[in-house]
């Protein structure tokens, strides 16, 4: 219930923000932060709750983006309908990849590698295929209107990405309080024990990757609508996969608000380093990287760990509590 | 009625014949124990019954239905749940969440599952630590958690793999009534146990496994007198020596 109220607050606060500021820098930063946030939220469902660490989430991002562009350019589909189609295609692709890799019991680094490989294969395929515009990429014709999902101001795009984020948050909240979520976390923590309790790990992971892929696909669609351009490196490049996972890891894996926190913090960090250290090319990346290492080293539970360790009451060690109970 | 019927199962790992032609039938509502020296194949045998290891030969029946080809989770749905010798808690989750995973087998609502979990945890004596992280529990606590989680699936047959191992004598004393209570509530239990005190006081029937083969079975006090069993534990010729020693003492 508390989380639901926070989601409402999150939605209302960011929906109103564009009406209080006209600063292009702030609005742009907010939009990019929300965009990164959606990707982290998507990665978190599979990686955080399911423990299946994907290094190739760009696969779903790029597929969503290309589908969104291709449906509009080649088939003249309305962008809103294209969004629905693109999200479904990403989701199906996620399911297929999940089925193939989980069917053969790939976990841990092997799963990470196969996702990476798939993203790379798709990048190369899109570089050489004509339907994706090969190396030239695809350009979306400019035609600003709500019906075309092209807004004349940043505000429209912010509302769009915000609503996608709210959907992602609601899905994650539902996951936290559902049987699927409980099973998913059980499989993450111990697959054999979960099996012994009647959990079918393949099915659970299959659903998780499908949901995760659909949200990542939505992020891809958003990207195309904002920048009106997509090429193989933007679509399937490793930087997209990395920003999806880094946000979730820095913020706190397997939590509802961790990815939000992580994505916003990283966006803030990268724009600060860019603005203050911009005259020394490359130094901003050094600072960014060092801070990232520091966060991962000193906050293994992510930024969200700061909040819970501040708020939590001192815990008794398990032993004492159990022993007193055993005597009874 | 036979709840569990294992017929002639064998499995080898490479050249090692871990289980060879073992048959076992457990009556409904009883508590049976499987004993044997280390490396006898007890845990492998449990893994065959619970579906984690596929037997090369033989079959497993639960309540008259052949379950040999079923996956572990399908067996759990059919009413057969196991615990693990090396406890496998979902360490990052609370005790309640751990148990709720088991409870979810028969109810999809989270609220209901948690309520059911609360019931089961208090039943095994863990109610005070419902919200504690499973990773923080002591061995005794983890063993109870393992038990609670399995019980939450409402099994017909519970396979307990050394739930008493690693506990101190006091903790064992506390645990015995819990196992007895489980059996009294109508759940059939098959347990692997090294703690003979538990076997003697709880088990209604005992099977002895040694080097992958069933060497003896029967009532607890009969089986423990079996020379074959004594020798399996203490080495060849020991039964004779003990007998001679006893005669000397008597004369």
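Using the Stokes-Einstein relation with a Kirkwood hydrodynamic radius computed over Cα pairs, the translational diffusion coefficient of segment B:9-69 at 10 °C and a viscosity of 1.306 mPa s comes to 129 µm²/s. For segment A:1-105, what does the alpha-carbon gyration tensor say about shape, rounded, prolate or oblate, given a ≥ b ≥ c as the root eigenvalues, a/c under 1.5 as rounded, and a/b over b/c as prolate? Since a/c reaches 1.5 but b/c is at least a/b, the shape of segment A:1-105 is classed as oblate. For chain B, take the longest principal axis of its alpha carbons; what is the angle in degrees between that and the long axis of helix B:169-184, to the nearest 10 within 0 to 90? The angle comes out near 80 degrees.
Starting with the highest mean, order A:257-266, B:183-192, A:201-210 by the number of other Cβ atoms within 10 Å, averaged over the residues of each peptide.
Numbers: A:257-266: 25.5, B:183-192: 18.8, A:201-210: 21.9.
With the highest mean Cβ count within 10 Å placed first, the list reads A:257-266, A:201-210, B:183-192.
The modelled label-to-label distance between residue A:290 and residue A:275, using points 7 Å beyond Cα along the C-beta direction, is 2.1 nm.
Please report, in cubic angstrom per residue, the volume enclosed by the convex hull of the alpha-carbon atoms of segment A:50-156. It would help to have the intermediate numbers written out before the result.
Values: hull volume 13.1 nm³, N = 107.
Spread over its residues, the Cα hull of segment A:50-156 gives 122 Å³ apiece.
Go ahead and estimate [θ] at 222 nm for the protein assembly as shown from helices alone: -39,500 (n - 2.57) per DSSP H run with n ≥ 4, summed, over the residue count, rounded to 500.
Values: 25 runs with 339 residues, N = 579.
Taken over the protein assembly as shown, the calculation gives -18500 deg cm²/dmol.
Using the Cβ-Cβ distance between residue A:242 and residue B:111 with R0 = 35 Å, the FRET efficiency computed as 1/(1 + (r/R0)^6) comes to roughly 0.35. To the nearest ten degrees, helix A:283-298 and the longest principal axis of the Cα atoms of chain A are 20 degrees apart. Residues of segment B:155-169 with an amide N closer than 19 Å to a point placed 7 Å from the Cα of residue B:61 along the Cα-to-Cβ direction: B:156-158. Computed from the Cα positions only, the extents of the protein assembly as shown along the three principal axes stand at 107, 52, 44 Å, in decreasing order.
I'd like the per residue volume of the convex hull spanned by the Cα atoms of segment B:34-189, given in cubic angstrom.
Numbers: hull volume 18.8 nm³, N = 156.
For segment B:34-189, the hull spanned by Cα atoms encloses 120 Å³ per residue.
Each principal axis of the Cα cloud of chain A was evaluated for its coordinate range; sorted largest first, these ranges are 75, 46, 39 Å. Helix A:24-43: angle to the longest alpha-carbon principal axis of chain A, degrees 0 to 90, nearest 10? The angle comes out near 50 degrees.
Counted over the protein assembly as shown, the DSSP beta bridges are approximately 60% antiparallel. Summarising the strand pairing of chain B, around 55 percent of its internal DSSP beta bridges are antiparallel. Averaging the sequence gap over all C-alpha pairs within less than 8 Å and six or more residues apart, then dividing by the number of residues, gives chain B a relative contact order of 24 percent.
Computed from label points 7 Å out along Cα-Cβ, the spacing between residue A:283 and residue B:23 is 8.3 nm.
Multiply the residue gap between residue A:307 and residue A:136 by 0.36 nm, knock off their C-alpha separation, and tell me the result in nm, one decimal place.
Result: 56.9 nm gained on full extension.
Taking R0 as 22 Å, what's the FRET efficiency between residue B:246 and residue B:222 from their Cβ-Cβ distance, rounded to 0.05? Write down the numbers at each step before the final one.
Values: r = 18 Å, r/R0 = 0.80.
For R0 = 22 Å, the calculated efficiency reads 0.80.
Read-outs: derived from the displayed coordinates by stated rules, not from any lab. What you see is a predicted model; the values in this text were computed from it and never measured. Positions of Cβ are backbone-derived with ideal geometry, glycine not excepted, and every protein chain shown enters the neighbour counts.
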